[in-house]
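Just so it is clear, none of the values below were taken in a lab; they were calculated from the coordinates. Predicted model only: the values in this text are computed from it and were never measured.
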Amino acid sequence: EGAALVAVGAVLGLFGAVATTHLVESVLFGVTPLDPLTLAAGMAVLVAVALFACWLPARQAARTRPLEALREDA
């Protein structure tokens, strides 16, 4: 479920970045506003961090025995 949210966020963020390139064009030095390598690298880093953040709690939940979790809830 988390990966689907990350994918949607990455696509929306990419569209937002492309749409707002004219706002930051004056502060970019040595890079074109729509440089595909820069956009891909930035998106890859953000997606990797988001997937890692989804994986940590999922790993913790997978290690917990269901019976122990139910006992703690009661």
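Computed from Cα positions, the angle between helix 36-63 and the longest principal axis of the chain comes to roughly 10 degrees.
When the Cα convex hull of segment 33-74 is projected onto planes of every orientation, the mean area is 4.0 nm². To the nearest ten degrees, helix 2-19 and the longest principal axis of the Cα atoms of the chain are 10 degrees apart. Segment 1-71 has equivalent-ellipsoid semi-axes of 38, 11, 8 Å, by the square roots of 5 times the alpha carbon gyration tensor eigenvalues, sorted largest first.
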